[in-house]
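J.: Quick one: this structure, given as structure tokens, is what I'll be asking you about.
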Amino acid sequence: MKQDLARYHRQMLLPGFGETGQRRLLKSTAVVLGCGALGSVAADMLCRAGVGRLVIIDRDFVEITNLQRQVLFDEQDIADALPKAEAARRKLQRINSGVEITAIVDDINAGNIESFCAGADVLLDGLDNFETRYLANDVAVKHGIPYLYGGAVGTEGMAFAILPRTGKRPATPCLRCLFGEAPPPGQAATCDTVGVLGPVVATIANCQVAEALKILTGNLDQVSTGLLSIDLWNNSLLRLAVDRLDDLHDCPCCQQRQFDYLEGRAGSQAIALCGRDAVQLRHRQQAEPLDLAAVARRLDGLGTARLNEFMLRVKLSEQGQDYELSLFRVGRAIIKGTADPTVARSIYAKYVGN
Ligand SMILES: [Zn+2]
């Protein structure tokens with residue numbers, strides 16, 4: 001065995017992997033969308049396994065409440081005020097200097113996601129909101145890139161491998177086949193409001209990586225076609241068959257090839273409000289009125305909240321910065337304390353959920 005492959009010996013022993021699989025893996029590119037708990041486990045395992053090129057995109061900085069589950073980060077990253085993508089790159093480069101790692105500190109949106117994913121062989125979902133997941137799903141289907149969906153909140157998690165139709169390969173259902181439209185803002189629980197169990201996220205991320213490794217080594221027939229659903233606190237593990245779903249559903253994305261999120265017909269728009277140190281977030285589609293009382297209950301204890309029939313106003317503190325989140329029944333929000341749409345989107349995704 002050649003010296004450069006020695007470190008991969010234990011996985012090359014596996015059936016279906018071998019030197020051929022390893023060499024394919026070393027030539028491949030994986031894009032990790034979001035580097036929180038899911039993304040840091042995924043990036044760590046892919047880097048150790050010897051993916052050729054790793055692109056890590058994340059808009060946030062490392063915070064003390066991340067360390068309970070985000071395995072790539074430590075207290076020094078917080079002292080150095082490092083963005084997650086860069087902290088991850090530095091750590092991963094020490095783990096495997098042979099991997100070409102690109103760290104991108106940015107918000108993922110309709111304007112930049114295609115350039116971030118250019119040349120990708122797989123997309124790994126480490127995202128914290130459904131809106132960006134639907135955007136990733138659009139990119140995956142449009143460009144025929146496998147997309148490993150994963151999500152975890154509370155003690156539950158789900159993982160699913162989306163293989164778009166390319167050449168003769170049959171397609172799996174996509175995210176819009178599975179879940180329909182993205183949940184309206186304020187309805188999905190978030191890790192910042194209901195908490196999250198570390199082992200659940202790590203399990204889901206490792207399932208995503210296992211599917212990614214099958215794809216990147218050319219073992220497509222081994223890829224799981226089921227939706228994995230786990231709850232490690234209540235001891236349930238299910239794999240739901242969804243392989244016939246695409247026959248039943250006239251999906252706007254993978255059947256009609258309408259990329260509503262990518263083309264700006266769906267999702268939200270963030271606009272800095274001139275001279276007010278505030279950003280407004282507005283959803284493009286008409287949604288059901290928000291249950292502000294339910295959002296207020298989830299935010300109870302995280303900040304000082306005031307609720308009336310028109311709006312919910314919460315004062316929040318993040319990394320020593322004070323923000324005021326005003327949320328209206330139509331889902332529109334104004335976030336005071338920043339003029340940066342990236343910061344505003346991050347706060348909205350964490351505390352309201354979209
Ligand atoms: Zn679909």
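The values are calculated or read from the model by the stated rules, or taken from the named source; none is laboratory data. All values derive from a computational prediction rather than experimental measurement. A quick note on method: Cβ atoms are made from the backbone with ideal geometry, for glycine too, and the neighbour counts reach across all protein chains shown. For the accessible areas, the whole protein counts, side chains as well, though only heavy atoms, and no ligand, DNA or RNA atoms are used. Shrake-Rupley method; radii C 1.70, N 1.55, O 1.52, S 1.80 Å.
J.: Hey, what number do you get for the chain at 222 nm if only DSSP H runs of n ≥ 4 count, each worth -39500 (n - 2.57), divided across all residues, to the nearest 500?
T.: Helices in the chain give a 222 nm mean residue ellipticity of -9000 deg cm²/dmol.
J.: Post the alpha-carbon centroid distance, segment 192-271 to segment 41-96, in whole angstrom.
T.: 22 Å
J.: Then there is this: How much of the accessible area of the chain, in percent, comes from carbon and sulfur atoms when a 1.4 Å probe is used?
T.: Carbon and sulfur: 50 percent of the exposed surface of the chain.
J.: Hey, another quick one. Please give the charge dipole size of segment 40-118, origin at the Cα centre, charges +1 on K and R Cβ atoms and -1 on D and E Cβ atoms. Round to the nearest 20 debye.
T.: Roughly 360 debye for segment 40-118.
J.: What does the charge add up to near Lys350, with Lys and Arg as +1, Asp and Glu as -1, over the other residues with Cβ less than 10 Å from its Cβ?
T.: Every neighbour counted, the sum reads -3.
J.: If R0 is 45 Å, what FRET efficiency do you get for Ala79 and Arg282 from their C-beta distance, rounded to 0.05?
T.: 0.75
J.: Per residue, how many Å² of accessible area does segment 70-221 show with a 1.4 Å probe?
T.: It amounts to 36 Å² per residue over segment 70-221.
J.: If you don't mind, there's one more thing I want to ask. Would you please calculate the Kirkwood hydrodynamic radius of segment 87-149 over all C-alpha pairs and express it in Å, rounded to one decimal?
T.: By the Kirkwood definition, the hydrodynamic radius is 12.9 Å.
J.: Then there's this: Dipole of segment 95-169 (Lys/Arg Cβ +1, Asp/Glu Cβ -1, origin at the Cα centre): which of Leu135, Pro146, Phe116 lies farthest to the positive side?
T.: Projecting each Cα onto the dipole axis, the largest value belongs to Pro146.
J.: Counting only complete DSSP H runs, which helices of the chain cover 20 Å or more along their long axis at the Cα atoms and score a mean Kyte-Doolittle of -1.0 or above?
T.: Answer set is 198-216.
J.: Calculate, in nm to one decimal, what Asp4 and Leu240 gain on full extension: separation in residues at 0.36 nm each, minus their alpha carbon distance.
T.: Contour length minus Cα-Cα distance gives 81.0 nm.
J.: Also, quick follow-up: Shape call for the chain from the C-alpha gyration tensor, a ≥ b ≥ c root eigenvalues: rounded (a/c under 1.5), prolate (a/b greater than b/c) or oblate?
T.: prolate
J.: Also, quick follow-up: Modelling each spin label as a point 7 Å along the Cα-to-Cβ direction, I'd like the Asn206/Lys27 distance in nm, to one decimal.
T.: 3.1 nm
J.: Count charges around Arg276 for me, please; just the other residues with Cβ under 12 Å from its Cβ, Lys/Arg as +1, Asp/Glu as -1.
T.: Result for the local shell: -1.
J.: Lys pairs in the chain, Cα-Cα under 19 Å, at least 8 apart or on separate chains: how many?
T.: Close lysine pairs found across the chain: 8.
J.: Can you find, among Ala88, Leu302, Thr342, the residue sitting farthest towards the positive end of the charge dipole of the chain, where Lys and Arg contribute +1 and Asp and Glu -1 at Cβ?
T.: Highest projection toward the positive end goes to Ala88.
J.: Further question on the same structure: Of the options Ala241, Pro185, Ala171, report the single residue whose Cα projects farthest towards the positive end of the charge dipole of segment 116-248 (beta-carbon charges: Lys, Arg +1; Asp, Glu -1).
T.: Ala171
J.: With a ≥ b ≥ c taken as the square roots of the eigenvalues of the C-alpha gyration tensor of segment 28-119, please select rounded if a/c is under 1.5 and otherwise prolate if a/b is larger than b/c or oblate if it is not?
T.: oblate
J.: Over all distinct alpha-carbon pairs, what is the Kirkwood Rh of segment 173-262 in angstrom?
T.: That comes to 15.6 Å for segment 173-262.
J.: Each label point is 7 Å from the Cα along the Cα-to-Cβ direction; what then is the distance between the points at Cys274 and Arg297, in nm?
T.: 4.2 nm
J.: Hey, with R₀ at 56 Å, roughly what FRET efficiency would Ile95 and Arg332 work out to, going by the Cβ-Cβ distance, to 0.05?
T.: Efficiency computed from Cβ-Cβ geometry: 0.80.
J.: Let's test the formula: R0 of 35 Å, r as the Cβ-Cβ distance of Leu307 and Ile64. What FRET efficiency results, to the nearest 0.05?
T.: After rounding, the FRET efficiency stands at 0.75.
J.: Still on this structure: Give, as ranges by residue number, the residues of segment 296-312 whose backbone N falls under 18 Å from the point 7 Å along Cα→Cβ of Ala189.
T.: 296-302
J.: Let me ask something else. Out of the trypsin sites (Lys or Arg not before Pro) in segment 192-293, which ones are loop residues according to DSSP with at most 14 other C-beta atoms within 10 Å?
T.: Arg244, Arg257, Arg265, Arg276, Arg284
J.: Mind running the shape call on segment 165-226? Use the C-alpha gyration tensor, a ≥ b ≥ c as the square roots of the eigenvalues: rounded below 1.5 for a/c, prolate if a/b tops b/c, oblate otherwise.
T.: In terms of gyration-tensor shape, oblate.
J.: Right, next: Size of the dipole of the chain about the Cα centre, Lys and Arg at +1 and Asp and Glu at -1 on the beta carbon, nothing else charged, in debye to 20?
T.: Charge dipole, the chain, about its Cα centre: 620 debye, nearest 20.
J.: Here is a follow-up. Among all stretches of the chain without exposed GluC sites (Glu not before Pro) (DSSP loop, at most 16 other Cβ atoms within 10 Å), which one is longest?
T.: 64-180
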